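K.L.:
Pasting in a structure now, in C-alpha coordinates, and then I'll have a few things to ask.
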Amino acid sequence: MCLFCKIVNKEIPSNIILEDDEFIAFHDINPKAPIHILAIPKVHVDSFNDVSPELMANMTVFIQSIAKEVQIVQSGYRVITNIGENGGQEVKHLHFHVLGGTKLKWGHFSDADTQGHF
Ligand code: AMP
Ligand code: ZN
(Lines give C-alpha, C1' and ligand atoms only; values in the text may rest on other atoms or scores of the structure.)
(Ligands and ions follow the chains in the order given, each with its own letter.)
Protein backbone atom coordinates (compact mmCIF):
# COMPACT_ATOMS: atom_id res chain seq x y z
CA MET A 1 0.00 0.00 0.00
CA CYS A 2 1.39 3.42 -0.92
CA LEU A 3 2.22 6.19 1.58
CA PHE A 4 -0.83 8.30 0.82
CA CYS A 5 -3.16 5.27 0.87
CA LYS A 6 -1.83 4.70 4.42
CA ILE A 7 -2.68 8.32 5.26
CA VAL A 8 -6.19 7.77 3.85
CA ASN A 9 -6.53 4.66 6.03
CA LYS A 10 -5.15 6.58 9.07
CA GLU A 11 -2.32 4.06 9.35
CA ILE A 12 0.05 7.01 9.15
CA PRO A 13 -0.95 10.15 11.06
CA SER A 14 -1.48 13.41 9.21
CA ASN A 15 -2.68 16.87 10.03
CA ILE A 16 -6.07 16.80 8.30
CA ILE A 17 -7.78 20.00 7.18
CA LEU A 18 -10.75 18.68 5.23
CA GLU A 19 -12.15 15.27 4.47
CA ASP A 20 -15.20 13.94 2.67
CA ASP A 21 -16.21 10.61 1.15
CA GLU A 22 -13.90 10.98 -1.83
CA PHE A 23 -10.99 13.21 -0.78
CA ILE A 24 -8.70 14.18 2.05
CA ALA A 25 -6.57 17.30 2.55
CA PHE A 26 -3.68 17.49 5.00
CA HIS A 27 -0.66 19.66 5.71
CA ASP A 28 2.52 18.83 3.77
CA ILE A 29 5.14 17.50 6.17
CA ASN A 30 7.83 19.66 4.52
CA PRO A 31 6.03 22.95 3.73
CA LYS A 32 7.38 25.19 0.99
CA ALA A 33 5.07 28.09 1.87
CA PRO A 34 3.21 29.29 5.00
CA ILE A 35 0.24 27.31 3.71
CA HIS A 36 1.15 24.05 1.96
CA ILE A 37 -1.65 21.54 1.80
CA LEU A 38 -1.91 18.30 -0.15
CA ALA A 39 -5.28 17.29 -1.60
CA ILE A 40 -5.65 13.64 -2.60
CA PRO A 41 -8.39 11.28 -3.74
CA LYS A 42 -9.07 8.44 -1.29
CA VAL A 43 -8.99 5.98 -4.17
CA HIS A 44 -5.48 5.22 -5.40
CA VAL A 45 -4.69 6.94 -8.70
CA ASP A 46 -1.02 6.89 -9.78
CA SER A 47 -0.92 10.42 -11.18
CA PHE A 48 -2.75 13.07 -13.18
CA ASN A 49 -2.13 10.85 -16.22
CA ASP A 50 -4.71 8.40 -14.93
CA VAL A 51 -7.39 10.60 -13.35
CA SER A 52 -10.90 10.48 -14.80
CA PRO A 53 -12.76 13.66 -15.77
CA GLU A 54 -15.45 12.73 -13.22
CA LEU A 55 -12.99 12.47 -10.32
CA MET A 56 -11.23 15.63 -11.49
CA ALA A 57 -14.52 17.55 -11.50
CA ASN A 58 -15.10 16.73 -7.84
CA MET A 59 -11.42 17.33 -7.06
CA THR A 60 -11.81 20.87 -8.38
CA VAL A 61 -14.67 21.59 -5.97
CA PHE A 62 -12.71 20.00 -3.12
CA ILE A 63 -9.65 22.16 -3.79
CA GLN A 64 -11.88 25.25 -3.93
CA SER A 65 -13.28 24.31 -0.55
CA ILE A 66 -9.75 23.99 0.88
CA ALA A 67 -8.99 27.54 -0.27
CA LYS A 68 -12.15 28.75 1.45
CA GLU A 69 -11.38 26.80 4.61
CA VAL A 70 -7.91 28.34 5.03
CA GLN A 71 -9.06 31.75 3.73
CA ILE A 72 -6.75 32.22 0.75
CA VAL A 73 -9.46 32.72 -1.88
CA GLN A 74 -8.96 36.50 -2.06
CA SER A 75 -5.20 36.67 -1.41
CA GLY A 76 -4.48 34.01 -4.01
CA TYR A 77 -2.70 30.70 -4.11
CA ARG A 78 -1.17 28.10 -6.39
CA VAL A 79 -2.27 24.57 -7.28
CA ILE A 80 0.39 22.18 -8.57
CA THR A 81 0.47 18.52 -9.47
CA ASN A 82 3.80 16.93 -10.31
CA ILE A 83 3.66 14.12 -12.86
CA GLY A 84 6.26 11.42 -13.36
CA GLU A 85 10.04 11.64 -13.50
CA ASN A 86 10.47 15.02 -15.19
CA GLY A 87 7.61 16.48 -13.18
CA GLY A 88 9.41 15.56 -9.97
CA GLN A 89 6.67 13.34 -8.59
CA GLU A 90 7.98 11.57 -5.51
CA VAL A 91 4.79 10.01 -4.15
CA LYS A 92 3.01 7.90 -6.77
CA HIS A 93 -0.51 8.71 -5.55
CA LEU A 94 -2.20 11.65 -7.26
CA HIS A 95 -1.92 14.79 -5.14
CA PHE A 96 -2.40 18.49 -5.62
CA HIS A 97 -0.19 20.92 -3.76
CA VAL A 98 -2.14 23.99 -2.57
CA LEU A 99 0.32 26.74 -1.69
CA GLY A 100 -0.38 30.17 -0.28
CA GLY A 101 -0.15 32.53 2.64
CA THR A 102 2.52 34.68 1.02
CA LYS A 103 3.47 36.11 -2.38
CA LEU A 104 4.80 33.03 -4.13
CA LYS A 105 7.83 33.17 -6.37
CA TRP A 106 7.45 31.53 -9.72
CA GLY A 107 11.07 30.61 -10.45
CA HIS A 108 11.14 28.03 -7.69
CA PHE A 109 8.63 25.94 -9.55
CA SER A 110 10.01 26.42 -13.05
CA ASP A 111 13.75 26.41 -12.51
CA ALA A 112 14.56 24.02 -15.32
CA ASP A 113 17.11 24.55 -18.05
CA THR A 114 15.07 26.00 -20.93
CA GLN A 115 17.36 24.18 -23.38
CA GLY A 116 16.15 20.81 -22.16
CA HIS A 117 14.68 18.38 -24.66
CA PHE A 118 12.17 15.56 -24.63
P1 AMP B 1 5.67 15.29 -4.91
O2 AMP B 1 7.15 15.60 -4.94
O3 AMP B 1 4.85 16.16 -5.80
O4 AMP B 1 5.41 13.82 -5.11
O5 AMP B 1 5.18 15.68 -3.46
C6 AMP B 1 5.18 14.80 -2.37
C7 AMP B 1 4.95 15.65 -1.16
O8 AMP B 1 4.55 14.80 -0.09
C9 AMP B 1 6.20 16.41 -0.68
O10 AMP B 1 5.92 17.80 -0.69
C11 AMP B 1 6.43 15.86 0.73
O12 AMP B 1 6.88 16.84 1.63
C13 AMP B 1 5.06 15.34 1.09
N14 AMP B 1 5.02 14.28 2.09
C15 AMP B 1 5.76 13.14 2.10
N16 AMP B 1 5.42 12.36 3.14
C17 AMP B 1 4.44 13.02 3.82
C18 AMP B 1 3.67 12.73 5.00
N19 AMP B 1 3.84 11.61 5.70
N20 AMP B 1 2.76 13.64 5.40
C21 AMP B 1 2.59 14.79 4.70
N22 AMP B 1 3.26 15.10 3.58
C23 AMP B 1 4.19 14.24 3.14
ZN1 ZN C 1 -2.10 5.23 -2.89
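K.L.:
Determine the calculated [θ] at 222 nm for the chain from helices alone, applying -39500 (n - 2.57) to every DSSP H run no shorter than 4 residues and normalising by the residue count; nearest 500 deg cm²/dmol.
P.N.:
After summing the helix terms and dividing by the residues of the chain, the value is -6500 deg cm²/dmol.
K.L.:
On to the next question. Along the charge dipole of the chain, pointing to its positive end and built from +1/-1 on Cβ of Lys, Arg, Asp and Glu, which listed residue (Met56, Ala33, Thr81) has its Cα farthest out?
P.N.:
Ala33
K.L.:
Continuing with this model, one more query. Within the set of other residues whose C-beta is less than 14 Å from the C-beta of Ser65, count the net charge using Lys and Arg as +1 and Asp and Glu as -1.
P.N.:
Summing Lys and Arg as +1 and Asp and Glu as -1 gives -4.
K.L.:
Local charge sum around Leu104 (other residues, Cβ-Cβ under 11 Å, Lys/Arg +1, Asp/Glu -1)?
P.N.:
+4
K.L.:
Would you mind working out the magnitude of the charge dipole of segment 3-100 relative to its Cα centre, with +1 at each Lys and Arg C-beta and -1 at each Asp and Glu C-beta, to the nearest 20 Debye?
P.N.:
300 debye
K.L.:
Shifting gears a bit: May I ask you to compute the full-extension gain from His27 to Ser75, defined as 0.36 nm times their residue separation minus their alpha-carbon distance, rounded to one decimal in nm?
P.N.:
Residue separation times 0.36 nm, minus the Cα-Cα distance, leaves 15.4 nm.
K.L.:
Taking the chain as a Gaussian network, where each spring joins two C-alpha atoms under 10 Å apart, which residue of Val98, Val61, Val45 fluctuates the most?
P.N.:
Top of the fluctuation ranking is Val61.
K.L.:
Show which aspartates and glutamates lie in cross-link reach of Lys103 when reach means a straight Cα distance below 18 angstrom and same-chain residues fewer than eight apart are skipped.
P.N.:
Counting by Cα, and skipping residues close in sequence, Lys103 has these aspartates and glutamates nearby: Asp111.
K.L.:
Rolling a 1.4 angstrom probe over the protein chains, ignoring ligands and nucleic acids, what is the accessible area of Lys32 in square angstrom, nearest 10?
P.N.:
For Lys32, solvent-accessible area is about 110 Å².
K.L.:
What residue among Glu19, Glu90, Glu69 shows peak mean-square fluctuation when the chain is described by a Gaussian network model with Cα springs under 10 Å?
P.N.:
Looking only at Glu19, Glu90, Glu69, the biggest GNM fluctuation is shown by Glu90.
K.L.:
For Ile24, what charge total do you get from the other residues with a beta carbon under 15 Å from its beta carbon, if Lys and Arg give +1 and Asp and Glu give -1?
P.N.:
-4
K.L.:
My understanding is that a pair violates if its Cα-Cα distance is over 21 Å; which of Lys10/Lys42; Lys6/Lys42; Lys42/Lys92; Lys6/Lys68; Lys32/Lys105 do that in this structure?
P.N.:
Flagged as over cut-off: Lys6/Lys68.
K.L.:
If you take the square roots of the eigenvalues of the alpha-carbon gyration tensor of the chain and sort them as a ≥ b ≥ c, do you get rounded (a/c under 1.5), prolate (a/b over b/c) or oblate?
P.N.:
It is oblate, given that a/c is not under 1.5 and a/b is not larger than b/c.
The values are calculated or read from the model by the stated rules, or taken from the named source; none is laboratory data. These numbers come from a predicted model, not from an experiment. Cβ sites come from the backbone with ideal geometry, for glycine too, and all protein chains shown count toward neighbours. Accessible surface is based on the protein model in full, side chains and every heavy atom, while ligands, DNA and RNA are left aside. Shrake-Rupley method; radii C 1.70, N 1.55, O 1.52, S 1.80 Å.
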